[in-house]
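The values are calculated or read from the model by the stated rules, or taken from the named source; none is laboratory data. If you're wondering where the values come from, they're calculated on a predicted model, not measured in any experiment. All Cβ positions, even for glycine, are placed from backbone atoms using ideal geometry, and neighbour counts span all protein chains on display. These accessible areas exclude ligands, DNA and RNA; they are computed on the full protein's heavy atoms, side chains included. Shrake-Rupley method; radii C 1.70, N 1.55, O 1.52, S 1.80 Å.
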Amino acid sequence: MSFFQFKKHRRNFLKFLGIFLFFPSKAFPKFNTKLINKRIVKKNKFTWFLDFNDK
Amino acid sequence: MIFNEIKKEYLNLDSPVLIVGSGPAGISAALDLEKKNISSIIVEAGSEFYDEKSQSQYEGQIIGDKLESLSQSRLRQLGGTSGIWGGWCRPFESYDFEKWLIKKKDIDPFLEEACSILEIQNNFRTSSLSQDVNQIEYQYSNIQFGSHYKEHLNKSDKIKIFLNSQLTYFESVNGNITNAVVNNNDKSIKVKSNHFILAAGGIENSRILLWSRIKNKRLLDKELPIGKMWMHHPFIYGGKGIVYKTKLNKRFSKKFLDYEGPVHFTPSENFLSQNNLLSCSMHIIPNEDKKLKNAKQIIREIACFAPKLGNKLRMFLEKKQLYCGNIKMHLEENYESNNYISLDIKKDLSGVPLPRLNYLQSKSTIKSCKKALMSFANFCVEENIGRIALSDDIVNENKIQNIAGGGYHHSGGTIMGVNKNNSVVDRNLKVHNTNNLYVLGSSTFTSIGYVNPTLSIIQFSLKLSKHIKEKLA
Ligand SMILES: Cc1cc2nc3c(=O)[nH]c(=O)nc-3n(C[C@H](O)[C@H](O)[C@H](O)COP(=O)(O)OP(=O)(O)OC[C@H]3O[C@@H](n4cnc5c(N)ncnc54)[C@H](O)[C@@H]3O)c2cc1C
């Protein structure tokens, strides 16, 4: 790891630590479960909204 | 009684109301006035049956985006456009009245009677499927006003209908309309009355008022926005998809949904207001074609990227447990300054300028349509109720090319409102600054929601009939 990369990581870590200490809910934004289980398929000028389990 | 021409001997009899147009709006008003023992005369431009020459007088120019031509989207004959309508009926939602001077409760008292005129049940249930999506119920009327009410009208001694009689313009003295100038078999005849009701349809109402203003400068205020704020329901193919019949019914145990007709959905009031959207309706017609060609095609397409699901759906389709087809939508439009009716240089055979309709699809309508359809598609996946695809026009918010027909619900042009700067008629449908000129039909609608307009048009006809009865008392 170069010096600059190390500095960047350290900066990001400190930023995270700061947010975690002062705004804990923002440090772990809620996962949008509504979007995560959706599968989008484009076909013949249409966009299908499917479930991930639609095999 | 119905006559093929104006009978002068009947004009002298005391008929306090003259109605222009024998479509659902005009006939419903006349029938209700008859019940209240009030005589009326109806002048109807068309004849009893379809007539090519008469229909050709319904032509007009459309400038801008594509719409069904003006001579194909209305009918000039006894009974008006109800001769070719689809009969789909549902009243306005209460939230549709947000911009109106009146509220839903003001026309609700006339719903039962309007349903009986249309011979449908007063049953328009709404089932909340999720926070964002409702399923809604329509009723379907088979009534074509010309053929259905002909016998009654012929026997009536309170209603006189003069066919082949085109109102060309109104004449007035001091804000009081004195005559309707009618062209009957190439003769110009002046018909007197106390109250004049213009019920000539969603284009002609504006056209006649615009021409009357030119012919008679003192009759109508030059500020009145006649022809402006014109709207219609774009009727489009929003997408396609499948909905599991049994899952829908089991999950929500709404038995009224379990019928063979089209299945209708609409975004909830909450969803519309939270996202600041115009409304729309979506429907899938199962078994659109007897051989299920379209349904099979859709399932074949799904099978390309989800073969197992495709196989499952094929079985559901065979067992008739699937709503599968195109998703057709009626979209609400807002006022756009581009959309208005004006008069052309060309004239019809009676010397009245033909209408010219300027029309462009609005961006807010397309945006609202996309959001509503996406929320429906999400809902279908989350609840495992079905699978929906949006057409690329909608996804990209382009101009909608995939029109399912339509431009059939001509509305606005003489809208209801507080004053002459923003509207043409008042809460009683009387033209501002006149004493005795009223307008009936969807041209008076301040907004159009997603519902087909005729049931509401009839509710307003009954409301006006009550108002006239009170005025005459
Ligand atoms: C294909 C199609 C399908 C439709 N489907 C549905 C549906 O499913 N549900 C729904 O609610 N609505 C539907 N509509 C709309 C419905 O037909 C109209 O809302 C309804 O007919 C309007 O009634 P109206 O009396 O205001 O006007 P119209 O029915 O248009 O009647 C106007 C009458 O005035 C006469 N007239 C015009 N100018 C003059 C003049 N200068 N002098 C004398 N008479 C004149 C005409 O000849 C006509 O008889 C549909 C329309 C079309 C075209």
- prompt: What residue among B:PHE92, B:LEU118, B:GLY79 has its Cα farthest toward the positive end of the dipole of the range B:65-128, where the charges are +1 on Lys, Arg and -1 on Asp, Glu, each on the Cβ?
  reply: B:GLY79
task: Go through B:PHE265, B:TYR50, B:ALA30 and say which Cα lies farthest out towards the positive end of the charge dipole of the protein assembly as shown; charges sit on Cβ, +1 for Lys and Arg, -1 for Asp and Glu.
output: B:PHE265
task: Compute the distribution of all C-alpha to C-alpha distances in chain B, in bins of 20 Å from 0, and list the percent of pairs in each, rounded to whole numbers.
output: 25, 53, 20, 2
message: Are there any GluC sites (Glu not before Pro) in the range B:362-434 that are in a DSSP loop and have at most 13 other Cβ atoms within 10 Å? List them by number.
response: B:GLU397
- prompt: Can you give the angle from 0 to 90° between the axis of helix B:204-215 and the longest principal axis of chain B, with both taken from C-alpha atoms, to the nearest 10?
  reply: 30 degrees
- prompt: Can you work out the FRET efficiency for the pair B:ASN270 and A:ASN53, with r the C-beta to C-beta distance and R0 = 41 Å, to the nearest 0.05?
  reply: 0.90
message: Below 8 Å, C-alpha to C-alpha, sequence gap of six or more: please give me the relative contact order for chain B in percent.
response: 23 percent
query: Counting only the heavy atoms of the protein chains, how much of B:LEU322 is accessible to a 1.4 Å probe, in Å² to the nearest 10?
result: 10 Å²
statement: Stretched fully, the stretch from B:LYS293 through B:ASN123 gains (0.36 nm per residue minus C-alpha distance, one decimal, in nm) 57.9 nm
query: Given labels modelled 7 Å from the Cα in the Cβ direction, how far is it in nm from B:LYS190 to B:ASN396?
result: 6.0 nm
Distance from the range B:220-245 to the range B:23-38 (C-alpha centre basis), Å: 28 Å
query: Suppose R0 equals 45 Å; then what is the FRET efficiency for B:ALA303 and B:GLN131 from their Cβ-Cβ distance, rounded to the nearest 0.05?
result: 0.90
field: Positive dipole terminus of chain B, leading residue within B:LEU129, B:HIS467, B:GLY386 (C-beta point charges)
entry: B:GLY386
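Figure the gain on full extension for B:ASN334 and B:LYS319 (residue separation times 0.36 nm, minus the Cα-Cα span) and round it to one decimal in nm.
1.2 nm
Given the rule -39500 (n - 2.57) for each run of at least 4 DSSP H residues, summed and divided by the residues of chain B, what is its mean residue ellipticity at 222 nm, to the nearest 500 deg cm²/dmol? List each step's numbers first, then the result.
Working: 14 runs with 139 residues, N = 473.
Computed mean residue ellipticity for chain B: -8500 deg cm²/dmol.
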task: Kindly state, to the nearest 0.05, the FRET efficiency for B:ARG427 paired with A:LYS7, given R0 = 60 Å and r defined as their beta-carbon distance.
output: 0.25
